[in-house]
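Chemist: Got a structure here, written out as structure tokens. Questions coming.
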Amino acid sequence: MWEIISKIFPYAIAFTIPLLITSLGGLFSERSGVVNIGLEGLMVVGSFTSAYVISILQPIMPEGAIWIGLLAAMVIGAMFSLLHAFASINLNANQVISGTAINMIAGALTVFIARTITGSGNIHITSGLTRFNIPLLSKIPLVGKLFFTQTYASTWLVLLILLGSWFLIYKTAFGLRLRACGEHPHAADAAGVNVYFIRYMGVMFSGAFAGLGGAVILVTYSGEFNGSVAGLGFLALASLIFGQWKPLGILGATFFFGFASTLANVSQVVPAFKVIPGIILKVFPYVVTLIALIIFSKSSQAPKAAGEPFEHGKR
Amino acid sequence: MKIQMNKQVLIGLISVFLGLVAGAILMAFTGNNPFLGFTYLFRGGLMNIGRIGDTLSTATTLILTGLSVAFAFRTGLFNIGASGQMLFGGLCATAVGLSLDAPRAIVLIVAVLAAFIGGGLWALVPGLLKARFNVHEVVSTIMMNWIAYWTIYYTVPAFFKGAYDTESRAISKAASLRSPWLTDLFNDSSINLGLFLALIAVIAIAVILNRTVLGFELKAAGYNRFSAEYAGMKVNRNIVLSMVIAGALAGLAGATFYIGYANTMKIGVLPSYGFDGIAVALLGANSPYGVLVSAIFFGILHSGKGFMNAMTSIPPEIGDTIIATIIYFAATSVLIERAIDSIRKKIKGGK
């Protein structure tokens, strides 16, 4: 049993990381007061951007191509999210409709461009990130085997971003303003905070992080852009809710969901897991989220003003 | 009121126009001739009786998902879960089609009813969660979409496995909504009896919304939940009922798609019709007849894109891109509204 767990652990972590970073992006957006269900589409944009950039750069500079690809995914993801920001912040649009439009535009437009460039809807990259063992730490009994062997560099990058985000949200003036805009935008406005600016920043963070999430999928376990991230963006949204809009909460939630999904994926091959039907493991995150919504319905930590347009003159 | 309706129509038309312009820019940007592209796109949807039949069969499913979203909208609910309800309704219809051995008429009636009830049940959960625990229906319907996705992913191979692992057995001709006389009339196209179901649904929903007490109560809850409650209406019951009706409509859409347009269920696909339904509803200003017209328009885009792709080098995804862009413009209709108002003011000022 131990052997199986230590074997699938690296896969579970690889699956968790893109969820985590995307969910963290969603946290920035929702904490600033803008609901973003376009995370799925923004991940697709990130996956496409990185695939395109990496496939072009890899022959020229095999070393740095992947990192430039990840950076490009973040930049383009942030730019693409401006569509959502403009609609929901300046035009008081229905944020759910706008987010749905983002998902649909991203899915259609990226495949459209991919087909125009490569002839098929897919873009391959020749090689992704390689796994490596952390020296020394991987020698620690139990923990070392689970967390510090077979790791991707992107995993550590994302965890670093998580740490930085926690600091940014709870320990800086910007973080305080961000949270204020999601709870009481008018009070924040009265205190001299530029609500529009903060919300733009929140949405762009979500675009950049979701873009990175899509790109991480590409450079770690998929290796190919095919126009979809198979609902991971929505799973990230579920994690955000289950983690109650807190950075450490979503770390727990995404790992939980990532582990369950990995179990479902390997349950076909590993006889020990055949006793649990795959369907239960796969629907588990969504059912758990529904139950969490019921349990937290009285004391939900959701940002109070999330989804509500802010108008400067309206009190 | 009449002026407002006209403005709604105008906004819709401008959204469509802007979406088509965006499509034209994309075509030009990728080195294609937009006029040629659009000619083939619309010819592909309308060129002959067979293609019109295909357009109508795509429109059938869109009418029903569009109605589903529009009906929920009128009650103040956002049904983003039409895809999941459609999937589960389709599964119920397919299950009946594959296992019930009875005369054709009975099989079809039971299959359609199963889809209707299945879709309704799938939406019952978000409805109850909303009414009882005030759980936002957008989140819960998204969760239900993915629960449906994985349910189909595992049940189809387990119980209805067909030639491949990824799809169900094909239903027999007798259990299909495709009818020989209709297929012959439209030159071997995919048009099916679902079209009549969709038309009946349009009329039924229009009657419910405009001519019944229930419709009045549902709309009242949509305008202002609290004043409806104060007036003594059972708002919570109405929320559940509205969600279930919306889900049942999406379930019907599943029947028209999986045992009409297609004859198998493929796993691993969340049908885009549910999301396209949002576009259909928005463009149709959430009115049943508006939904009918806009669904036919989107049907043309859907069935014409393949022909356009065959005749030019434009990828078929242009159709989806145009639809998505139209939704975006419909969502940002404030911008269009402001533009209309300022133009109207200028015209008046000039006089």
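The values are calculated or read from the model by the stated rules, or taken from the named source; none is laboratory data. Predicted model only: the values in this text are computed from it and were never measured. Every residue, glycine as well, gets a Cβ built from its backbone with ideal geometry; the counts of neighbours run over all protein chains shown. Surface accessibility is based on the protein's heavy atoms, side chains included, excluding ligands, DNA and RNA. Shrake-Rupley method; radii C 1.70, N 1.55, O 1.52, S 1.80 Å.
Chemist: Measure nothing but the geometry: give the 0 to 90° angle between the long axis through the Cα atoms of A:195-217 and the longest principal axis through the Cα atoms of chain A, rounded to 10°.
Modeler: For A:195-217 against chain A, the angle is about 10 degrees.
Chemist: Shielding by partners for A:92-99, please: the mean number of other protein chain Cβ atoms within 10 Å of each residue's Cβ.
Modeler: 6
Chemist: Using a 10 Å cut-off on Cβ to Cβ distances, tally the other chain neighbours for every residue of B:226-233 and report the average as a whole number.
Modeler: Taking all residues of B:226-233 together, the mean is 0.
Chemist: With every protein chain left in place, what is the accessible area per residue of the protein assembly as shown in square angstrom, probe 1.4 Å?
Modeler: So the protein assembly as shown comes to 42 Å² accessible per residue, rounded to a whole number.
Chemist: Which FRET efficiency, nearest 0.05, do A:M61 and A:T130 yield, Cβ-Cβ r, R0 22 Å?
Modeler: 0.85
Chemist: Normalised by the residues of chain A, what does the relative contact order come to in percent, with Cα pairs under 8 Å and at least six apart? Kindly include the intermediate steps, with their values, before the conclusion.
Modeler: Numbers: 566 pairs, mean separation 113.1, N = 315.
Answer for chain A is 36 percent.
Chemist: Using alpha carbons only, how many angstrom separate the centre of region A:1-21 from the centre of region A:90-115?
Modeler: So the two Cα centres are separated by 31 Å.
Chemist: Restricting to DSSP H runs of at least four residues, report the calculated mean residue ellipticity at 222 nm for chain B, -39500 (n - 2.57) per run over all residues, nearest 500 deg cm²/dmol.
Modeler: Result for chain B, helices only: -26000 deg cm²/dmol.
Chemist: Related question: Return the value, in Å² to the nearest 100, of accessible area buried between chains B and A (probe 1.4 Å, both sides summed).
Modeler: Approximately 3600 Å², summed over both chains.
Chemist: Now, a different point. Rounded to the nearest 0.05, what FRET efficiency do B:I200 and B:L10 have when you use their Cβ-Cβ distance and R0 = 30 Å? Please report the intermediate quantities before stating the final value.
Modeler: Numbers: r = 30 Å, r/R0 = 0.99.
Efficiency at R0 = 30 Å is approximately 0.50.
Chemist: With the cut-off at 18 Å, tell me which of the pairs A:K7/A:K145; A:K145/A:K246; B:K7/B:K305; A:K7/A:K282; A:K171/A:K246 have Cα atoms farther apart than that.
Modeler: A:K145/A:K246; B:K7/B:K305; A:K7/A:K282
Chemist: Determine the shielding of peptide B:29-40 by partner chains: average, over its residues, the number of Cβ atoms on other chains within 10 angstrom of each Cβ.
Modeler: For this peptide, the per-residue mean of nearby foreign Cβ atoms is 1.
Chemist: Further, regarding this structure: So what's the angle, to the nearest 10 degrees on a 0 to 90 scale, between helix A:95-118 and the longest Cα principal axis of chain A?
Modeler: The answer is roughly 50 degrees.
Chemist: At a Förster radius of 35 Å, what calculated FRET efficiency corresponds to the Cβ-Cβ distance of A:I291 and A:L248, to the nearest 0.05?
Modeler: 0.95
Chemist: A further question follows. Of the listed peptides B:203-210, B:227-234, B:339-346, what is their order by residue-averaged count of other C-beta atoms within 10 Å, with the highest listed first? Before the final figure, lay out each step's value.
Modeler: Numbers: B:203-210: 16.0, B:227-234: 13.6, B:339-346: 11.0.
Taking the mean over residues of other Cβ atoms within 10 Å, the ranking is B:203-210, B:227-234, B:339-346.
Chemist: Using the basic label-point model (7 angstrom from Cα toward the beta carbon), what is the A:I68 to B:A105 distance in nanometres?
Modeler: 7.1 nm
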